[in-house]
Amino acid sequence: MKAPVALTHVTVIAGDAAGTVHPEWTVLVGADGIIEYAGPAAEAVVPPGYATIAGAGKFVIPGLINAHAHLFSNGKPLSKVYMHPKTEQVLTRFMRGPLGQALMRGRTKRNALNQLHSGVTTIRTVGDVAFEVMAIRERIERGELVGPRILPSGPLLAIPNGHGAPQIAHEAETPDQARTGTRINLSHGARSIKISATGGVTDAKGIGHAGTPEMSEEAMTAICAEAHAAGVLVAAHAQSAEGVRRALRAGVDTIEHGSSMDDEMIALYRDNPRSLRGWSAMIPTLQACLPLVKLDQSFTKVSDVVKANAEFVLEEMLSGIRSALENDIALGVGSDSSVTYVTHSNTWRELDCLVRFGGLTAAQALHAVTQVNARILGLDQQLGSIAAGKAADLVLLEQNPLEALRTLQHPVSVIARGTVIEHPAITRIEAIDDQLDSF
Ligand SMILES: [Zn+2]
């Protein structure tokens, strides 16, 4: 059992869209990691035996939820060897073998803990090498490791040579193959299922390739039916209007990256009969694109084709964000950690990008990464806000993040299901941070 905790006289940032701030509150956390009281400090009675954290002058927010993450790499540009048609099959086989999986479990653990220490208390993965994330999740759930709550996907489902294949994908073309891949992941304990509905940026083979529809609507429908029968939500990588439309029609619950929207798509997001809960959400990942667009190619070393695709995808995503805000479509947050320039210490930068480039207020961005993400992932009964009965996933900060998002870069402490991490140990990649700070 953990020690119960009292966080006293702290300023609570609620995480609602209005940016509500509660000065002088006390938060009591039981030994079971559940919040017992969150309200005015003057009315709080701290029971004996509670470890006190003095919150005066500090700010606390609900733990961040990263709804689009990968844990297989650290955010440095992906090795050319791993992306090369001649070597990718061999390397993928190795990574899925016993030695490669031991290596991947080590990386997964380091990257998941790096996110936790950076304030991310819940992670949904959307494309893993094999089942290494399930293994780390189990260690965390057994209490062997203080880690974030993880909803692992296992390998995503893509057509042969489609986006993410073969490195982080089961290859599936027909509805039967798609169903089989989904069942394999579910049998290994997947808590999310991911599809590549269209091509992507990093492995684009020509200009405009990123949004080209790949998996058929029939195959995606089969995946959704299979996953939904197990109560599991389906995410689809979709980077063009046509790709998003097909994924929504198939019943996909969360559109990853996203695109511009027309009336049919807006209606489908809001009322999607084939989705698990009757609606679908958009989860943009600006960090995965902006550096490729903004930074000089002498630094990024990406080809003209990749850069042109990144520009196209960025415009589509920004247009989609505007439509989501205007039409009350659930807009979540994901960092796309592990892809080029998206490190595990930088989930906060996604909020910064949403504010500076996506037109959100800081309150809307913080709302999206806490309460909205919790609702999108079906975890809003337990997560996303600071209230009695909710899990004590909290981040203590030096400054008010609504005024200075950058304070999220250095949490004073992180509380994960009631366990206090007093001096978060964050691993940063300075060369990348310096470049990201330049635009
Ligand atoms: Zn991704």
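Relative to the longest principal axis of the chain, what angle (0 to 90°, nearest 10) does the C-alpha long axis of helix 347-356 take?
80
Using the Cα atoms of the stretch 64-376 to build a convex hull, what is its mean projected area in square nanometres? Could the numbers behind the result be given before it?
On the way: hull surface 56.3 nm².
Reported value for the Cα convex hull: 14.1 nm².
Return one number: the angle in degrees, 0 to 90 and rounded to the nearest 10, between the long axis of the Cα atoms of helix 132-141 and the longest principal axis of the Cα atoms of the chain.
20
How big is the gap, in Å, between the Cα center of the stretch 265-321 and the Cα center of the stretch 140-198?
The two parts, judged by their Cα centres, are 21 Å apart.
Show the residues, 5+ positions off or on another chain, whose built amide H is closer than 5 Å to the amide H of LYS194.
Residues meeting the amide H criterion: LEU157, ALA235.
For the pairs LYS109/LYS294; LYS194/LYS294; LYS76/LYS294; LYS80/LYS205; LYS205/LYS307, flag any whose C-alpha to C-alpha distance is greater than 21 Å.
Cα-Cα > 21 Å for LYS109/LYS294; LYS194/LYS294; rest within.
So what's the back-of-envelope 222 nm ellipticity for the chain, counting only DSSP H runs of four-plus at -39500 (n - 2.57) apiece and dividing by all residues, rounded to 500?
Working: 15 runs with 147 residues, N = 439.
When only DSSP H runs of four or more count, the value is -10000 deg cm²/dmol.
Suppose a student asked you for the relative contact order of the chain, using Cα pairs under 8 Å spaced at least 6 residues apart; what percent would you report?
On the way: 1086 pairs, mean separation 87.8, N = 439.
The value is 20 percent.
Round to the nearest 10 and give me the degree value, 0 to 90, for the angle of helix 175-187's Cα axis relative to the longest principal axis of the chain.
The two axes meet at around 30 degrees.
Considering only DSSP beta bridges with both partners in the chain, what is the antiparallel share in %, to the nearest 5?
On the way: 23 of 53 bridges.
That works out to approximately 45 percent antiparallel.
For the stretch 96-107, in order, what is each residue's ³J(HN,Hα) by Karplus, 6.51 cos²θ - 1.76 cosθ + 1.60 with θ = phi - 60°, in whole Hz (x at glycine and Pro)?
8, x, x, 5, x, 5, 4, 4, 5, 5, x, 5
With θ set to phi - 60° and the Karplus curve 6.51 cos²θ - 1.76 cosθ + 1.60, what are the ³J(HN,Hα) couplings of the stretch 228-237 in order, to the nearest whole Hz, using x for Gly and Pro?
For the stretch 228-237, the Karplus curve yields 5, 4, 8, x, 9, 7, 10, 10, 10, 5 Hz.
Kirkwood hydrodynamic radius, the stretch 1-107, all distinct C-alpha pairs: what's the number in Å? Walk me through the numbers before you get to the answer.
On the way: mean 1/r = 0.0559 Å⁻¹.
Kirkwood hydrodynamic radius for the stretch 1-107: 17.9 Å.
Mind ranking LYS86, LYS58, LYS76 by accessible surface for me, highest first, 1.4 Å probe?
Numbers: LYS86 165, LYS58 45, LYS76 105 Å².
Final ranking, largest accessible area leading: LYS86, LYS76, LYS58.
The values are calculated or read from the model by the stated rules, or taken from the named source; none is laboratory data. Quick caveat, the model's predicted, so the values are computed rather than measured. Side chains are part of the model used for accessible areas, which takes the heavy atoms of the whole protein and leaves out ligands, DNA and RNA. Shrake-Rupley method; radii C 1.70, N 1.55, O 1.52, S 1.80 Å.
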